[in-house]
Amino acid sequence: MTANAQEATGGIVLGENQYGKAEVRVLKVDRDRPRHRITDLSVTSQLRGDFAAAHVEGDQGKVVPTDTQKNTIFALAKDGIGSPEEFAVRLSEHFTSSFDWVAGGRWEVEEYSWEHIPSSLTHNVTDGEHDHSFVRGGTETRTAVVQREGDEIFVVAGLQDLKVLKSTGSEFHGFPRDRFTTLPETTDRILATSVTARWRYTKDALDYNATYDDVRRILLETFADVHSLALQQTLFQMGRRVLEAHPEIGEIRFSMPNLHHFLVDMEPFGLENPNEVFYAADRPYGKIEAEVRRDGAAAEPRAWSTVSGFC
(Lines give C-alpha, C1' and ligand atoms only; values in the text may rest on other atoms or scores of the structure.)
Protein backbone atom coordinates (compact mmCIF):
# COMPACT_ATOMS: atom_id res chain seq x y z
CA MET A 1 0.00 0.00 0.00
CA THR A 2 1.32 3.48 -0.82
CA ALA A 3 1.98 6.07 1.89
CA ASN A 4 -0.88 8.21 0.57
CA ALA A 5 -3.22 5.22 0.66
CA GLN A 6 -2.31 4.52 4.30
CA GLU A 7 -2.75 8.17 5.28
CA ALA A 8 -6.13 8.30 3.56
CA THR A 9 -7.42 5.48 5.75
CA GLY A 10 -6.31 6.97 9.07
CA GLY A 11 -4.30 3.90 10.05
CA ILE A 12 -6.90 1.40 8.81
CA VAL A 13 -5.42 -0.78 6.10
CA LEU A 14 -6.81 -3.07 3.45
CA GLY A 15 -6.84 -6.78 4.23
CA GLU A 16 -6.84 -9.79 1.92
CA ASN A 17 -8.71 -9.19 -1.31
CA GLN A 18 -9.35 -10.61 -4.76
CA TYR A 19 -11.50 -9.67 -7.73
CA GLY A 20 -12.39 -10.96 -11.15
CA LYS A 21 -15.10 -12.28 -13.46
CA ALA A 22 -17.43 -14.95 -12.14
CA GLU A 23 -19.21 -17.79 -13.91
CA VAL A 24 -18.06 -17.20 -17.47
CA ARG A 25 -19.91 -19.78 -19.57
CA VAL A 26 -17.83 -21.15 -22.42
CA LEU A 27 -18.60 -24.04 -24.76
CA LYS A 28 -15.69 -25.40 -26.83
CA VAL A 29 -16.41 -27.58 -29.86
CA ASP A 30 -13.51 -29.71 -31.09
CA ARG A 31 -14.08 -30.18 -34.85
CA ASP A 32 -10.79 -31.77 -35.88
CA ARG A 33 -12.59 -34.97 -36.86
CA PRO A 34 -16.13 -35.89 -37.96
CA ARG A 35 -16.98 -37.07 -34.45
CA HIS A 36 -17.14 -33.83 -32.48
CA ARG A 37 -16.31 -33.34 -28.82
CA ILE A 38 -17.76 -30.57 -26.66
CA THR A 39 -16.48 -29.13 -23.40
CA ASP A 40 -18.99 -27.06 -21.41
CA LEU A 41 -17.55 -24.95 -18.59
CA SER A 42 -18.34 -22.25 -16.08
CA VAL A 43 -15.10 -20.41 -15.23
CA THR A 44 -14.40 -17.92 -12.46
CA SER A 45 -11.16 -15.91 -12.51
CA GLN A 46 -10.05 -13.87 -9.47
CA LEU A 47 -6.76 -12.00 -9.22
CA ARG A 48 -4.69 -11.23 -6.11
CA GLY A 49 -1.83 -8.78 -5.85
CA ASP A 50 -1.11 -5.07 -5.48
CA PHE A 51 -4.61 -3.62 -5.73
CA ALA A 52 -4.61 -1.41 -2.63
CA ALA A 53 -4.67 1.85 -4.58
CA ALA A 54 -7.81 0.77 -6.39
CA HIS A 55 -9.64 0.13 -3.11
CA VAL A 56 -8.35 3.10 -1.13
CA GLU A 57 -7.84 5.79 -3.76
CA GLY A 58 -9.98 4.63 -6.66
CA ASP A 59 -6.85 4.42 -8.82
CA GLN A 60 -7.48 1.85 -11.58
CA GLY A 61 -3.92 1.87 -12.92
CA LYS A 62 -3.32 -1.76 -11.97
CA VAL A 63 -6.84 -3.12 -12.30
CA VAL A 64 -7.05 -5.67 -15.09
CA PRO A 65 -10.72 -5.26 -16.10
CA THR A 66 -12.98 -8.18 -15.34
CA ASP A 67 -14.10 -7.94 -18.96
CA THR A 68 -10.49 -8.57 -20.00
CA GLN A 69 -10.43 -11.64 -17.79
CA LYS A 70 -13.60 -12.88 -19.48
CA ASN A 71 -12.11 -12.36 -22.93
CA THR A 72 -8.91 -14.13 -21.88
CA ILE A 73 -10.92 -17.17 -20.88
CA PHE A 74 -12.48 -17.29 -24.34
CA ALA A 75 -9.15 -16.75 -26.09
CA LEU A 76 -7.34 -19.49 -24.18
CA ALA A 77 -10.25 -21.85 -24.78
CA LYS A 78 -9.68 -21.37 -28.51
CA ASP A 79 -6.34 -23.17 -28.13
CA GLY A 80 -8.00 -26.13 -26.42
CA ILE A 81 -9.15 -26.76 -22.87
CA GLY A 82 -7.87 -30.21 -21.93
CA SER A 83 -8.94 -30.89 -18.36
CA PRO A 84 -10.53 -28.28 -16.06
CA GLU A 85 -7.41 -28.42 -13.87
CA GLU A 86 -5.06 -27.83 -16.80
CA PHE A 87 -7.17 -24.94 -18.09
CA ALA A 88 -7.21 -23.25 -14.67
CA VAL A 89 -3.43 -23.63 -14.36
CA ARG A 90 -3.00 -22.06 -17.83
CA LEU A 91 -5.12 -19.10 -16.77
CA SER A 92 -3.02 -18.67 -13.63
CA GLU A 93 0.19 -18.71 -15.64
CA HIS A 94 -1.18 -16.18 -18.14
CA PHE A 95 -2.24 -13.58 -15.60
CA THR A 96 0.76 -13.86 -13.29
CA SER A 97 3.21 -13.69 -16.20
CA SER A 98 1.41 -10.89 -18.08
CA PHE A 99 1.04 -8.41 -15.21
CA ASP A 100 3.92 -7.89 -12.77
CA TRP A 101 1.66 -6.79 -9.92
CA VAL A 102 -0.57 -9.87 -10.11
CA ALA A 103 1.00 -12.15 -7.50
CA GLY A 104 -1.53 -14.96 -7.70
CA GLY A 105 -5.20 -15.68 -7.65
CA ARG A 106 -7.98 -18.20 -7.69
CA TRP A 107 -9.44 -19.93 -10.71
CA GLU A 108 -12.51 -22.13 -10.36
CA VAL A 109 -13.90 -24.32 -13.14
CA GLU A 110 -17.08 -26.36 -13.29
CA GLU A 111 -17.54 -28.81 -16.16
CA TYR A 112 -20.94 -30.12 -17.27
CA SER A 113 -20.92 -33.50 -18.95
CA TRP A 114 -22.46 -34.23 -22.36
CA GLU A 115 -22.72 -37.60 -24.09
CA HIS A 116 -23.26 -38.46 -27.75
CA ILE A 117 -26.88 -39.38 -28.42
CA PRO A 118 -27.29 -43.11 -29.09
CA SER A 119 -28.73 -43.81 -32.54
CA SER A 120 -29.84 -46.87 -34.49
CA LEU A 121 -29.53 -44.92 -37.74
CA THR A 122 -26.45 -44.70 -39.96
CA HIS A 123 -26.23 -41.06 -41.11
CA ASN A 124 -23.56 -39.17 -39.06
CA VAL A 125 -23.41 -42.12 -36.68
CA THR A 126 -20.28 -43.86 -35.38
CA ASP A 127 -20.44 -47.00 -33.23
CA GLY A 128 -24.10 -46.44 -32.48
CA GLU A 129 -23.74 -42.79 -31.41
CA HIS A 130 -24.44 -39.59 -33.32
CA ASP A 131 -21.28 -37.70 -34.25
CA HIS A 132 -22.43 -34.19 -33.38
CA SER A 133 -25.61 -34.44 -31.30
CA PHE A 134 -25.46 -34.66 -27.53
CA VAL A 135 -27.54 -35.25 -24.40
CA ARG A 136 -26.63 -34.08 -20.91
CA GLY A 137 -24.68 -36.75 -19.07
CA GLY A 138 -24.75 -37.82 -15.44
CA THR A 139 -26.21 -35.82 -12.58
CA GLU A 140 -22.85 -34.60 -11.33
CA THR A 141 -20.77 -31.52 -12.14
CA ARG A 142 -16.99 -31.80 -12.27
CA THR A 143 -15.12 -29.10 -10.33
CA ALA A 144 -11.61 -27.72 -10.07
CA VAL A 145 -10.14 -24.91 -7.98
CA VAL A 146 -6.61 -23.70 -8.69
CA GLN A 147 -4.99 -21.18 -6.35
CA ARG A 148 -1.61 -19.62 -6.98
CA GLU A 149 0.88 -17.73 -4.81
CA GLY A 150 3.83 -16.75 -6.95
CA ASP A 151 5.23 -20.01 -8.33
CA GLU A 152 3.27 -22.20 -5.88
CA ILE A 153 0.17 -23.83 -7.35
CA PHE A 154 -2.53 -25.66 -5.38
CA VAL A 155 -5.00 -27.88 -7.25
CA VAL A 156 -8.21 -29.14 -5.66
CA ALA A 157 -10.37 -31.29 -7.95
CA GLY A 158 -13.77 -32.76 -7.32
CA LEU A 159 -17.37 -33.35 -8.23
CA GLN A 160 -20.75 -32.31 -6.88
CA ASP A 161 -24.33 -33.59 -7.08
CA LEU A 162 -23.36 -37.20 -7.83
CA LYS A 163 -26.71 -38.77 -6.92
CA VAL A 164 -26.58 -42.40 -5.79
CA LEU A 165 -29.04 -44.79 -4.15
CA LYS A 166 -29.01 -48.39 -2.96
CA SER A 167 -32.29 -50.17 -2.33
CA THR A 168 -30.91 -52.52 0.33
CA GLY A 169 -27.60 -53.26 2.03
CA SER A 170 -27.99 -50.43 4.54
CA GLU A 171 -28.84 -50.46 8.25
CA PHE A 172 -29.14 -47.93 11.04
CA HIS A 173 -29.51 -49.01 14.64
CA GLY A 174 -27.84 -48.92 18.05
CA PHE A 175 -28.06 -45.13 18.39
CA PRO A 176 -28.80 -43.45 21.74
CA ARG A 177 -32.42 -42.73 22.55
CA ASP A 178 -34.04 -40.09 24.74
CA ARG A 179 -37.57 -38.76 25.16
CA PHE A 180 -37.31 -36.87 21.84
CA THR A 181 -36.26 -39.90 19.81
CA THR A 182 -38.95 -41.28 17.53
CA LEU A 183 -36.81 -42.75 14.72
CA PRO A 184 -37.21 -46.53 14.56
CA GLU A 185 -34.18 -48.76 14.18
CA THR A 186 -33.84 -50.65 10.92
CA THR A 187 -31.73 -53.45 9.47
CA ASP A 188 -32.89 -52.83 5.89
CA ARG A 189 -33.35 -49.36 4.47
CA ILE A 190 -32.81 -47.28 1.35
CA LEU A 191 -29.53 -45.34 1.45
CA ALA A 192 -29.41 -42.34 -0.87
CA THR A 193 -27.17 -39.31 -1.08
CA SER A 194 -25.81 -36.66 -3.40
CA VAL A 195 -22.04 -36.82 -3.19
CA THR A 196 -19.94 -33.69 -3.19
CA ALA A 197 -16.26 -34.57 -2.96
CA ARG A 198 -13.06 -32.58 -3.38
CA TRP A 199 -9.51 -33.85 -3.27
CA ARG A 200 -6.12 -32.11 -3.18
CA TYR A 201 -3.33 -33.12 -5.50
CA THR A 202 0.18 -33.22 -4.07
CA LYS A 203 1.83 -33.47 -7.50
CA ASP A 204 1.45 -31.61 -10.77
CA ALA A 205 1.77 -32.59 -14.44
CA LEU A 206 -0.80 -35.35 -13.91
CA ASP A 207 -3.31 -36.85 -16.31
CA TYR A 208 -6.15 -35.09 -14.54
CA ASN A 209 -8.85 -36.57 -16.77
CA ALA A 210 -7.74 -40.16 -16.16
CA THR A 211 -7.42 -39.58 -12.41
CA TYR A 212 -10.85 -37.96 -12.22
CA ASP A 213 -12.46 -40.85 -14.09
CA ASP A 214 -10.84 -43.38 -11.75
CA VAL A 215 -11.74 -41.51 -8.56
CA ARG A 216 -15.35 -41.32 -9.75
CA ARG A 217 -15.29 -45.06 -10.47
CA ILE A 218 -13.93 -45.82 -6.99
CA LEU A 219 -16.54 -43.64 -5.30
CA LEU A 220 -19.39 -45.36 -7.12
CA GLU A 221 -18.04 -48.89 -6.69
CA THR A 222 -17.40 -48.36 -2.99
CA PHE A 223 -20.84 -46.91 -2.36
CA ALA A 224 -22.35 -49.96 -4.01
CA ASP A 225 -20.01 -52.48 -2.38
CA VAL A 226 -20.01 -51.46 1.28
CA HIS A 227 -22.77 -52.94 3.45
CA SER A 228 -23.52 -49.72 5.27
CA LEU A 229 -24.20 -49.43 8.99
CA ALA A 230 -24.24 -45.62 8.66
CA LEU A 231 -23.60 -43.05 5.94
CA GLN A 232 -20.51 -42.01 7.91
CA GLN A 233 -19.07 -45.50 7.49
CA THR A 234 -19.73 -45.48 3.74
CA LEU A 235 -18.15 -42.02 3.41
CA PHE A 236 -14.97 -43.11 5.18
CA GLN A 237 -14.60 -46.24 3.07
CA MET A 238 -15.07 -44.20 -0.13
CA GLY A 239 -12.29 -41.86 0.95
CA ARG A 240 -10.01 -44.64 2.15
CA ARG A 241 -10.17 -46.52 -1.13
CA VAL A 242 -9.46 -43.36 -3.14
CA LEU A 243 -6.35 -42.61 -1.10
CA GLU A 244 -5.15 -46.21 -1.28
CA ALA A 245 -5.40 -46.16 -5.08
CA HIS A 246 -3.98 -42.67 -5.67
CA PRO A 247 -0.84 -41.64 -3.77
CA GLU A 248 -0.88 -38.31 -5.62
CA ILE A 249 -3.95 -37.27 -3.59
CA GLY A 250 -3.23 -35.83 -0.14
CA GLU A 251 -6.73 -35.82 1.30
CA ILE A 252 -10.34 -35.95 0.20
CA ARG A 253 -13.29 -34.11 1.72
CA PHE A 254 -16.95 -35.04 1.47
CA SER A 255 -20.29 -33.36 2.00
CA MET A 256 -23.08 -35.93 1.73
CA PRO A 257 -26.73 -35.34 2.66
CA ASN A 258 -28.73 -38.32 3.83
CA LEU A 259 -31.64 -38.23 1.37
CA HIS A 260 -34.31 -39.94 3.40
CA HIS A 261 -36.85 -42.39 1.98
CA PHE A 262 -39.55 -43.40 4.41
CA LEU A 263 -41.71 -46.51 4.16
CA VAL A 264 -45.35 -45.69 3.41
CA ASP A 265 -47.77 -47.02 6.03
CA MET A 266 -50.34 -49.00 4.05
CA GLU A 267 -52.14 -50.56 6.99
CA PRO A 268 -55.00 -48.02 6.69
CA PHE A 269 -55.55 -49.38 3.17
CA GLY A 270 -55.53 -52.98 4.36
CA LEU A 271 -52.29 -53.59 2.43
CA GLU A 272 -48.85 -54.87 3.37
CA ASN A 273 -45.72 -52.96 2.39
CA PRO A 274 -42.62 -55.18 2.69
CA ASN A 275 -40.07 -52.46 1.89
CA GLU A 276 -41.54 -51.77 -1.56
CA VAL A 277 -43.20 -48.33 -1.53
CA PHE A 278 -41.44 -45.28 -0.05
CA TYR A 279 -41.86 -41.54 -0.11
CA ALA A 280 -38.88 -39.23 -0.54
CA ALA A 281 -38.52 -36.38 1.96
CA ASP A 282 -36.30 -33.61 0.58
CA ARG A 283 -36.27 -31.50 3.79
CA PRO A 284 -35.01 -31.65 6.45
CA TYR A 285 -32.13 -34.02 5.85
CA GLY A 286 -29.07 -35.30 7.64
CA LYS A 287 -25.81 -33.78 6.39
CA ILE A 288 -22.59 -35.73 6.81
CA GLU A 289 -19.25 -33.99 6.22
CA ALA A 290 -15.75 -35.25 6.84
CA GLU A 291 -12.18 -35.29 5.62
CA VAL A 292 -10.31 -38.53 4.99
CA ARG A 293 -6.54 -38.03 5.01
CA ARG A 294 -3.27 -39.88 5.31
CA ASP A 295 -2.02 -40.25 8.88
CA GLY A 296 0.90 -37.89 9.43
CA ALA A 297 0.55 -36.15 6.07
CA ALA A 298 1.36 -32.44 6.07
CA ALA A 299 -1.71 -30.22 5.76
CA GLU A 300 -1.90 -27.46 3.18
CA PRO A 301 -4.58 -24.99 4.36
CA ARG A 302 -3.80 -22.57 1.52
CA ALA A 303 -5.26 -25.04 -0.95
CA TRP A 304 -8.58 -25.08 0.93
CA SER A 305 -8.74 -21.44 2.01
CA THR A 306 -11.59 -20.50 -0.35
CA VAL A 307 -13.26 -23.90 -0.81
CA SER A 308 -16.50 -23.73 1.14
CA GLY A 309 -18.99 -26.32 2.26
CA PHE A 310 -16.67 -28.72 4.05
CA CYS A 311 -15.89 -29.26 7.72
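In whole Å, what is the distance between the alpha-carbon centres of the stretch 208-266 and the stretch 92-106?
About 36 Å separates the Cα centre of the stretch 208-266 from the one of the stretch 92-106.
Which order do the peptides 302-308, 232-238 come out in when sorted by mean C-beta neighbours inside 10 angstrom, highest first?
The packing order, highest mean first, is 232-238, 302-308.
Enumerate the residues in the stretch 243-281 having an amide nitrogen under 13 Å from the point lying 7 Å beyond the Cα of T168 toward its Cβ.
274-276
Quick one: among V146, V277, V102, which has the greatest mean-square fluctuation in a GNM of the chain with alpha-carbon springs under 10 angstrom?
V277
Given an 8 Å cut-off on Cα distances and at least 6 residues of separation, report the relative contact order of the chain as a percent. Walk me through the intermediate numbers first.
Details: 562 pairs, mean separation 37.5, N = 311.
Rounded, it is 12 percent for the chain.
What 222 nm value per residue comes from the helices of the chain, counting each DSSP H run with n ≥ 4 as -39,500 (n - 2.57) and dividing by all residues, nearest 500 deg cm²/dmol?
Dividing the helical sum by the residues of the chain leaves -7500 deg cm²/dmol.
Sequence neighbours fewer than 8 away in the same chain don't count; with that in mind, list the lysines whose C-alpha is under 22 Å from K166.
Within the straight-line cut-off, K166 pairs with K287.
Ignoring ligands, DNA and RNA, what percent of the 1.4 Å accessible area of the stretch 55-126 is carbon and sulfur? Working shown, then result.
Numbers: 1920 of 3670 Å².
The nonpolar share, carbon plus sulfur, comes to 52 percent.
Express in Å², to the nearest 10, the accessible area of F134 obtained by rolling a 1.4 Å probe over the protein heavy atoms while all chains stay in place.
Here the residue's solvent-accessible area equals roughly 40 Å².
Compare S120, S133, S98, S228 by solvent-accessible area with a 1.4 Å probe and give them largest first, with all protein chains kept in place.
The ordering from most to least exposed comes out as S120, S98, S133, S228.
Does the stretch 251-311 come out rounded, prolate or oblate, given a ≥ b ≥ c as the square roots of the eigenvalues of its C-alpha gyration tensor, rounded meaning a/c under 1.5 and, failing that, prolate meaning a/b above b/c?
prolate
Please give the net charge around V277, taking every other residue with its beta carbon less than 15 angstrom from that of V277, where Lys and Arg add +1 and Asp and Glu add -1.
-4
Using only the Cα atoms of the stretch 1-144, what do you get for the radius of gyration and for Dmax, in Å?
That works out to 20.7, 74 Å for Rg and Dmax.
Quick one: what Rg and Dmax do you get for the stretch 131-289 from the alpha carbons, in Å?
Using the Cα atoms of the stretch 131-289, the pair Rg, Dmax is 19.2, 70 Å.
Please identify the GluC sites (Glu not before Pro) of the stretch 55-135 that satisfy two criteria: DSSP loop assignment and at most 10 other Cβ atoms within 10 Å. Which are they?
Taking the stretch 55-135 and a limit of 10 other Cβ atoms within 10 Å, no loop GluC sites (Glu not before Pro) are found.
Just add up the charged neighbours of S42: K/R +1, D/E -1, any other residue whose Cβ is under 9 Å from the Cβ of S42.
Overall, the nearby charge balance is -4.
Determine Rg/Rh for the stretch 64-159; Rg is computed over alpha-carbon atoms and Rh is the Kirkwood hydrodynamic estimate from the same atoms.
Computed over Cα atoms, the ratio is 1.13.
What does the highest-first list of 30-43, 179-192, 197-210 look like by mean Cβ count within 10 Å?
For the peptides 30-43, 179-192, 197-210, the packing ranking is 197-210, 30-43, 179-192.
How do L162, L229 stack up against each other in accessible area, from largest to smallest, with a 1.4 angstrom probe?
L229, L162
Applying the Karplus parametrisation 6.51 cos²θ - 1.76 cosθ + 1.60 with θ = phi - 60° to the phi angles of the stretch 128-138, what ³J(HN,Hα) value in whole Hz is obtained for each residue in order, glycine and proline being reported as x?
Coupling constants for the stretch 128-138: x, 10, 5, 6, 9, 10, 9, 10, 4, x, x Hz.
For the chain, set up a Gaussian network in which alpha carbons nearer than 10 Å are linked by springs, and say which option among R241, R253, R177 fluctuates the most.
R177
Which one of I218, I81, I117 has the biggest mean-square fluctuation once the chain is modelled by GNM with Cα springs under 10 Å?
Among I218, I81, I117, the largest mean-square fluctuation in the Gaussian network model of the chain belongs to I117.
Take E16 and H132, extend 7 Å from each Cα along the Cα→Cβ direction, and tell me the distance between the two endpoints in nm.
So the label points at E16 and H132 sit 4.7 nm apart.
Starting from 0.36 nm per residue, how many nanometres of slack lie between R240 and K287 once their C-alpha separation is accounted for? Write out the running numbers ahead of the final one.
Details: separation 47, 0.36 × 47 = 16.92 nm, distance 1.96 nm.
Between R240 and K287, full extension yields an extra 15.0 nm.
Taking H as built 1.01 Å from N, whose amide H comes closer than 5 Å to the amide H of Y19, not counting residues under 5 places away?
Long-range HN contacts for Y19: L47.
Whole-Hz Karplus ³J(HN,Hα) for the stretch 271-286, in order, using 6.51 cos²θ - 1.76 cosθ + 1.60 and θ = phi - 60°, x for Gly and Pro?
Residue by residue, the stretch 271-286 yields 10, 8, 9, x, 6, 10, 10, 10, 10, 8, 10, 7, 8, x, 9, x Hz.
Need one number: nm distance between label points at Y279 and D161, each 7 Å from Cα along Cα→Cβ, rounded to one decimal.
Using points 7 Å along Cα→Cβ, the separation is 2.6 nm.
Among the aspartates and glutamates, select those whose C-alpha is under 15 Å from the C-alpha of K62, and discard any that sit fewer than 8 residues away in the same chain.
Cross-link targets: D50, D100.
The values are calculated or read from the model by the stated rules, or taken from the named source; none is laboratory data. These numbers come from a predicted model, not from an experiment. Neighbour counts run over all protein chains shown; Cβ positions are idealised from the backbone, glycine included. These area figures cover heavy atoms from the full protein model, side chains too; ligands, DNA and RNA do not enter into them. Shrake-Rupley method; radii C 1.70, N 1.55, O 1.52, S 1.80 Å.
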